[in-house]
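Take this structure first; my questions come after.
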Amino acid sequence: MRTILWLELLRPPLGPTGGVVGAGSCNLHNLLEFCHKMVTLPDLVAQVARAQARHFAAGSPSGRPQPLLVPRKEGPQWWDARNSASPVVKPPSQAGGPWRMWYYGRAGAEWSKGLKAFLPTGRIGCAESDDGLKWRRRKGPLEGGACLDPSEEGFDCVHVGVGDVVELPNGTLWMYYFGGGLDGLPNEGIRMQIGCLEAPDRCLATSDDGLTWHRAGDALLTPSGEDFDALFVAWPRVLPPWQTRDVLGLSGKWYMTYHTAQFGPEGLRWTAGAALSEDGLVWSKVGPILGPSGGGWDALGVGVRHVLVKDGALTMLYEAVDEQGDHAVGLAVSSDGLTWRRQEVPGRAAGGPVLRKGEDGDWDSRVVGTPYAVAPVGDAPWRLYYVGEAKGSPGLRIGVAECYEDDLLCWRKRGAEAMDLPKDAREGLYKRVFEDAQKSKVAAAPSSPPPALDLDLPD
């Protein structure tokens, strides 16, 4: 039965520059006012959510979410003065300490050996935070404050990028990274391979935590002849066995996903693959696991992704590309890590997307990608760290979106200074709507939160 309510949503008052006035103290009850507009309750909830996203995402005078880490913020002398990209984020361990982020970037237009760069990779560095939102760069031991450079010679002598970081039970950190060397066609540096670094546990007891890394030897995973991943293997994400123990078919195994690309008659296509290991060092490929859909928002394939264990199964947040070259982030699920299917998303295509690039004027208006999710810590919601870039403003930046539901369908972008979002439909801005509906006896409040909404809207 369709429920009719006469309601209108009002935005928070705007200042002379268009910014939200008193975003931290705005009376939310003043955002609702009766008027002559007929909407159904689901439509009303959608409008509330959009207004809520605009209000609570305010992280700057313009009211728009802002990035968390920006190139050149500490000056042009830093290693990532051109690009800050592809975050790998770890919350505090059980022993305490700060949030940590490893990411890649570079300061100029060239890689090592004087080669012109065609990816945002180059070097790896570190940042830390007390809350996962306000980040400060950590000065590493290498030039410009980086903590890992390309090697002098070898598979990673031209450029490197971080893929994932795993903390072992004894406190040792392993970084799975990728790099390119002087071989590869059509460009030097494209034949990327996957390696491993180690930060001894002694580092965890000092202020140099995660800044000093030692290469563990040759590449762990390499391109395979004429196979689907013959061009390169890169951007590894790794689950250790203590996280996969409840996943059917993966118990006791290390699980890695990575991606590659293929040049074909119709152009470039992207595909994710997987590999298994008994010790995290010797890996066996299992083949492709998710590729181009053939149409829609992920028509050209699957790139950087992050896999989570939830309720004994796997969830993948993946970056994909459509036929116009636009990037977005969607969802896929698997019971065993080998067979994946795109998640059904209400009102959208299979897989989503659940996160899109921003509108003109937003810091991520040109592109979004490289998702990395962090499960709730304390009172914090799910967080999705990602990279973005604005139209007409070159330089990749790192931002975050948040989700209060375990289905991971509804993400709201935010800035470091933004107010926290209500945790469900009965808090904050939602509360008045449902109370009014109950009092009018037109309809009762639903027993579960509303369906997922696309809140990537202009402010």
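Coordinate-derived values only; no laboratory data. Model, not experiment: these values are computed from the prediction. Cβ coordinates were reconstructed from backbone atoms using ideal geometry, including for glycine residues, and neighbour counts include every protein chain displayed.
Within 10 Å, count the other beta carbons around each residue, average over each peptide in 161-169, 321-329, and list them highest first. Please report the intermediate quantities before stating the final value.
Details: 161-169: 19.7, 321-329: 17.9.
Final packing ranking: 161-169, 321-329.
Something else now. Which shape class, rounded, prolate or oblate, goes with the range 268-386 when its Cα gyration tensor gives a ≥ b ≥ c as root eigenvalues, a/c under 1.5 marks rounded, and past that a/b bigger than b/c marks prolate?
Working: a/c = 1.72, a/b = 1.25, b/c = 1.38.
Because a/c hits 1.5 or more and a/b fails to exceed b/c, the range 268-386 counts as oblate.
Work out, step by step, the length gained on full extension between L142 and E128: first 0.36 nm times the residue separation, then minus their alpha carbon distance; give nm to one decimal. If you can, show how the numbers build up before the last one.
Details: separation 14, 0.36 × 14 = 5.04 nm, distance 1.74 nm.
The span from L142 to E128 would gain 3.3 nm if fully extended.
Over the range 128-236, what is the mean sequence separation of C-alpha contacts under 8 Å (at least six apart), divided by residue count, expressed as relative contact order in percent? Don't jump to the answer; show the numbers that get you there.
Details: 231 pairs, mean separation 23.9, N = 109.
It rounds to 22 percent for the range 128-236.
Please give the contour-minus-distance gain from A375 to E359: 0.36 nm per residue of separation, less the Cα-Cα distance, rounded to one decimal in nm.
3.0 nm is the gain from fully extending A375 to E359.
Once amide H atoms are placed 1.01 Å from N in the peptide plane, what residues at a sequence separation of 5 or more from L355, or on another chain, have their amide H within under 5 Å of its amide H?
Distant-sequence amide H within range of L355: V329.
Can you put L239, L133 in order of Cβ neighbours within 10 angstrom, beginning with the fewest? All intermediate terms of the calculation are to be shown ahead of the outcome.
Working: L239 21, L133 18.
Final ranking by Cβ density, sparse to dense: L133, L239.
Evaluate E = 1/(1 + (r/R0)^6) for S93 and N187, where r is the Cβ-Cβ distance and R0 equals 45 Å; express this FRET efficiency to the nearest 0.05. Please list the in-between numbers first.
On the way: r = 40 Å, r/R0 = 0.88.
Result of the calculation: an efficiency of 0.70.
Rank the residues M316, M192 as a footprinting-exposure proxy: fewest other Cβ atoms within 10 Å of their Cβ go first. It would help to have the intermediate numbers written out before the result.
Details: M316 26, M192 29.
Ascending Cβ contact count within 10 Å gives the list M316, M192.
Please order C196, C410 by the number of other Cβ within 10 Å, starting at the fewest. Don't skip to the answer; put the middle values down first.
Working: C196 24, C410 21.
So the residues, fewest neighbours to most, are C410, C196.
Can you tell me the FRET efficiency between V333 and H214 if r is taken as the Cβ-Cβ distance and R0 is 35 Å, rounded to the nearest 0.05?
Values: r = 36 Å, r/R0 = 1.04.
Step by step, r from the Cβ atoms, then E = 0.45.
Could you pull out which residues in the range 392-415 have an amide N less than 20 Å from a spot 7 Å beyond the Cα of D246, following the Cα-Cβ vector?
It comes to 404-409, nothing else.
Once you put a point 7 Å from the Cα of D227 and another 7 Å from the Cα of K113, both along the Cβ direction, what distance in nm separates them?
Rounded to a tenth, the inter-label distance reads 2.4 nm.
For E266 and S393, calculate 0.36 nm times their separation in residues minus their Cα-Cα distance, and state this gained length in nm to one decimal.
Working: separation 127, 0.36 × 127 = 45.72 nm, distance 3.01 nm.
Full-extension gain reported as 42.7 nm.
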